[in-house]
1. Could you tally the net charge around Leu229, taking each other residue with its Cβ under 12 Å from the Cβ of Leu229, Lys/Arg +1 and Asp/Glu -1?
2. Find the percent of Cα-Cα distances in region 167-210 that exceed 14 Å, and round it to a whole number.
3. Taking only the Cα atoms of region 64-142, how large is their convex hull per residue, in Å³?
4. Cβ neighbours within 10 Å, averaged per peptide: list 207-215, 152-160 in order, most packed at the top.
5. Taking the Cβ of Lys79 as the center, what net charge do the other residues with Cβ under 13 Å away carry, scoring Lys and Arg +1 and Asp and Glu -1?
6. Sort all Cα-Cα distances of region 72-232 into consecutive 5 angstrom bins from zero, then give the percent of pairs in each bin up to the one containing the longest distance.
7. Could you put Tyr194, Tyr129 in order, starting from the residue whose Cβ has the fewest other Cβ atoms within 10 Å?
8. Can you sort Ser136, Ser80, Ser128 by how many other beta carbons sit within 10 Å, fewest first?
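Since every read-out is calculated from the coordinates, none of them should be taken as a lab result. Bear in mind that the values here come from a model prediction, so they are computed numbers and not experimental data. Glycine also receives a Cβ, built like all others from the backbone with ideal geometry; neighbour counts cover every protein chain displayed.
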Amino acid sequence: MSDTPPVASANATPEESTTNMKGPKVQLAPGSGKCSNASTTAPSHTTTSSSIASSQESSDRVDRHRAKAINWEELRYGKSIHPVRKYAHCTDDIYLLVEFLKISNVPDLDSNSAKLLLHTLKLLHRCSYSAVDICSTLAHASAYFIDVFGVCGGFMDAAEVGNVLVTVIFLAHSYIQDETCPLHVWHKYLLRGYCPLNKLSEAVLRVMAIRKYILRVDDAELSTRYETLSGTAMPVPLVDQVC
């Protein structure tokens, strides 16, 4: 956006740890298996540690196999995502990111932005938001970004696009969730190298102004965007209506 500071350097990358986040958390091993909408409740006392480890190892093998099977040459944005694929929480997030970028009409993306967006999805997973929540958030954010790009696209390069996408994802997340991860956490773990917290707050307000402070997305448009994300990227149930 025209009133935001310059893009962070390639060395200013978001941190991996989210141990001090507010709100619900779930401990996830790096590169854990396929994304799931299942509950994260503790296993029964009859479940042995060896069977849990075996199940996790099997899930990891399946996910690695699915990742290797990706045709990166034919995958849209594949050349940008492939170098940073290891930062994905799971293989499903790679497909989810591609679909999100498509419905956001993102013309181009660099690898640093792809890495930042994979970290963003990982943040949402580690805060225990469900697949439905994540797809709903991205559905709203994609509509917001199209409006922002229509006004400020001439001032954005491929790197700036990633920072703006994270900003609109935060705004969508704040709009549709009852329990939210606050802006200072997003800044600390994702956008600290992009701009100071007060400037990030101004950027969020700028997005709201571009939307004329209307964050609701038309039901028909929202349904189409949500179904695209949930149907091709993550195995989540459809809902009759999202916020």
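1. Charge balance near Leu229 sits at -3.
2. Details: 428 of 946 pairs.
Percentage above 14 Å: 45.
3. Convex hull of Cα atoms, per residue: 86 Å³.
4. So the order, starting with the most tightly packed, is 152-160, 207-215.
5. Computed value for this residue: -2.
6. 1, 9, 20, 24, 24, 15, 6, 1, 0
7. Lowest count first: Tyr129, Tyr194.
8. Values: Ser136 26, Ser80 22, Ser128 14.
Ranked by crowding around the Cβ, least crowded first: Ser128, Ser80, Ser136.
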